[in-house]
1. Given just the C-alpha atoms of chain B, how large is their convex hull per residue in cubic angstrom?
2. Based on DSSP H runs of at least 4 residues, each adding -39500 (n - 2.57), what is the mean residue ellipticity at 222 nm of chain B after dividing by all its residues, to the nearest 500 deg cm²/dmol?
3. Filter the trypsin sites (Lys or Arg not before Pro) in the stretch A:202-274 to those in DSSP coil with at most 13 other Cβ atoms within 10 Å of their Cβ, and list the result.
4. Determine the dipole magnitude for chain A: charges of +1 sit on the beta-carbon of Lys and Arg, -1 on that of Asp and Glu, nothing else is charged, the reference point is the Cα centre, and the result goes in debye to the nearest 20.
5. Peptide A:133-139: average number of partner chain Cβ atoms within 10 Å per residue?
6. Across peptide B:68-75, what mean number of C-beta atoms from other chains lies inside 10 Å of a residue's C-beta?
7. Output the 0 to 90 degree angle, nearest 10, between the alpha-carbon long axis of helix A:168-185 and the longest principal axis computed from the alpha carbons of chain A.
8. I need A:LEU77, A:LEU93 ordered by Cβ neighbour count within 10 Å, fewest first.
2 protein chains.
Amino acid sequence: MKLTMRLGPRSYDIILRRGALGRVGQLVNLDRSVLVVTDTGVPQQYLATVLAQCAHGVPVVLEQGEGTKSFATIEYLCATMLEHGFSRADAVLALGGGVVGDAAGFAAACYMRGIDFINCPTTSLAQVDSSIGGKTAVNLAGTKNIVGAFYQPRLVVADPDTLSTLPPRHVSNGLAEAVKAGLIGDAALFELFEKGDIEQNMEEILYRSLMVKKTIVEQDEHEHGCRAALNFGHTIGHAIEASRGLARHQLFHGECVALGTLPMLESRALRTRVRAVYKALGLPVRIRYDGDEIYSHLVHDKKAASGTITLVKVKQAGSYRLEKTPLHELRAMIGEGIG
Amino acid sequence: MKLTMRLGPRSYDIILRRGALGRVGQLVNLDRSVLVVTDTGVPQQYLATVLAQCAHGVPVVLEQGEGTKSFATIEYLCATMLEHGFSRADAVLALGGGVVGDAAGFAAACYMRGIDFINCPTTSLAQVDSSIGGKTAVNLAGTKNIVGAFYQPRLVVADPDTLSTLPPRHVSNGLAEAVKAGLIGDAALFELFEKGDIEQNMEEILYRSLMVKKTIVEQDEHEHGCRAALNFGHTIGHAIEASRGLARHQLFHGECVALGTLPMLESRALRTRVRAVYKALGLPVRIRYDGDEIYSHLVHDKKAASGTITLVKVKQAGSYRLEKTPLHELRAMIGEGIG
C-alpha cells in the first residue's frame, strides 16, 4: 500500500508493504553516501539488509533508549557525516523506532541546513505514528522533545515484517497510538481493536492509523491548530513518562499515552470500552502517582503557553474537540492517579 | 527606510533607521519572555536599550568570537529558555554581529521546533548581509556553518547609529560584503565605493546591499540556484578563514572574503578597480598561503557536492555568472597565494 503525504514541495510517499525493507533502493536513490542510523535494539539483520542496498553506507548504531535523544547524539551524527565528507546531495536513513527516527531526522534537518531524510520504521510505534509528520527532536534537561525541527522525510518505508521480531509488549506499546488514532479520527479503526484478532488485521490497523495522522498533518503541518489533536493522551502521558515512566515503573511511551487518554474521555461508556481494549492489548489502565509532581511536569509542558494548555477530549470514538484549559484547573483534574 | 523580504508566510520587514534600536518594542511585541542574546564585544548600552523595552527580558552575554558558534552554545541557549519557562509564544532577540545572529537564530529555530526570532544587527557585516536571508548555523570540527537551519527572522532592525562604536577595521570588514553585493548585483553601489566618502553614504550603502541580497534570497530562499551568487568570494574566503584567518593572521570574515573575490574577477581592469577600493577601505589585497592546505579546506567545503564546486565569477561590476568547476581544477587556480 502506498499513501502520499501532500505538503506541497515537501510531499512524500509512505510505503507500507511486507518485505519493503529489502527494496528501499528501488524506491529511493541509495547510490550516494547514506548515514544509516539504528540502535542496539534493532536486529542486526535489518541493518545488513539496508547496507546491502547502499553504495556508500555509513552505519551508526546508537544506544537504545530515550537517553540517546540528546544534543550530544546530534553532534556525533553530524561529525560522522562531516568526517565521511557528506555533501548536500547525500542522505540520512533512520532504521528503528521513534528514538532513532527523532534523532536521525533532526541530524538530517541540521546537517548543511538540511539533507535528504529517509525513514524506515521497524517498530509499531514508529510505523503507526512517529515516522510520519515531520516532527524531529531531542530531549533537554529531562524535558521531552523540547528541541528539534519540523522536517519532513523524503520517503517512509514501513515493513510490517519487522514487527515479527518485536517483543509483544513493544508491539502493544505502538498500538496504543493506533487506538488513539481510532479514538480521535476513525471509529472503524477503534472497533477493529474491539473485535480482537489484531495480528490478522495488522496491516489494516497500520494503514488506518497512518490515514488519520496524514489527514491531520496535511491540514496543519506546523501545529498551529488541529494537529494538536494528535496530542490526545499525550499531555498527561508525557508527564507520567517524565516523572515515572522512565524511572521506577519503566513504562513505555505508548503505555503512558494510553493512561493519559483515560481522563480525557468524556463518556463513562466509552471509558469502559477503551479500558477493555487496553486490557486485551496488555496496556496499563491504572496508575497511582504524586499529583503535585505530575502537575509540575505539566506546567513545563512545551505546549503550556501563557498559563493555559489545550486538552484534547473525546466523547465518541472517531471525533474530538480541543479545549483550552487554565493550567491551575489541571491539578484537580489529574488527582493522585488514574483508574 | 523599510524593506520587506517577500517569502510568502515567512515574509518580514527590515527596518534600517538611525535610532531604531530604541524603538524595537514599537515594531514587534516585546511584552513576553524574550531571550536577548549578545556578546562581550557589544557595548552594554545597547543591551540596556533593548532590555528596557522588554517586559520579561532574559539577557545572555556570549563570549565574542567564532568559537561561540558551537553545539554547546545552542544547548546553553535552549536550556536557559527552558529554565525560564519559555513557551512557543516567546521570542529570541539577537543583538550583535554575525556570530550572535547565527547562534541565536539557530537556537530560535530549534527551541520547541521554532519560536519567533528578532534580529538587531549592530555590526556593518550583520547589517549589510548576515542578518537577512535566514541562514543560521554553528561550526563543527573546524568547519564553518556546517550545522544549522534556514530560519527566517520575524523582523530585522538595523540601526546605523550602532556602527559609531564599531572599530574602523570592523566597519571595513562588513563593508567587504557590501562591495561584494555591488560587484554581483549593483554597479552603482560599487561605484559609491570608488567615489569614496563612505561615512556620508553609509545609509545608501547599507540599503543598496540589502536590496541586492533581498532580491536574490526572494528568488531562491534555500539555495538551490541563484542564491549561490551570494557566495561570491566565499569559497576561497572560507578556506583562508579556516586555515589561517582565525589562527596566525587573525583575519576577519570580510577580509577573507575580499581576498577570495580577487581570483574570481574575470577582467584585469576590474581587478585593479576592486583592489583600489579594498585598499581605500583598509582591506587586504595580498596573501601568501599553503596551497595544499587551502585546497584541502575547499574539498571539505559543504558546497563541494560530488566532486564539483560552483564558483561565482564577475567580469563586469553588477553581474555574475555561475561556473561548475571540477574540484581538482581548483588546485591550480588557487596557486600559493593571492596578489
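Laboratory data are not the source of any read-out in this text; all were calculated from the coordinates shown. What you see is a predicted model, and the numbers here were worked out from it, not measured in a lab. Note that each Cβ is placed from the backbone with ideal geometry, even for glycine, and that neighbours are counted across all protein chains shown.
1. Details: hull volume 40.5 nm³, N = 339.
In chain B, the Cα hull volume divided by residue count equals 119 Å³.
2. Numbers: 12 runs with 134 residues, N = 339.
Only helices count here, giving -12000 deg cm²/dmol.
3. Details: sites: A:ARG208, A:LYS213, A:LYS214, A:ARG227, A:ARG244, A:ARG248, A:ARG268, A:ARG271, A:ARG273; in loops: A:ARG248.
Passing sites in the stretch A:202-274 are A:ARG248.
4. Values: 36 positive and 35 negative charges, 141 e Å.
Result for chain A is approximately 680 debye, rounded to the nearest 20.
5. Mean partner shielding for this stretch: 1.
6. 3
7. Here the helix axis deviates by roughly 70 degrees.
8. On the way: A:LEU77 23, A:LEU93 31.
The fewest-first ordering by Cβ neighbours comes to A:LEU77, A:LEU93.
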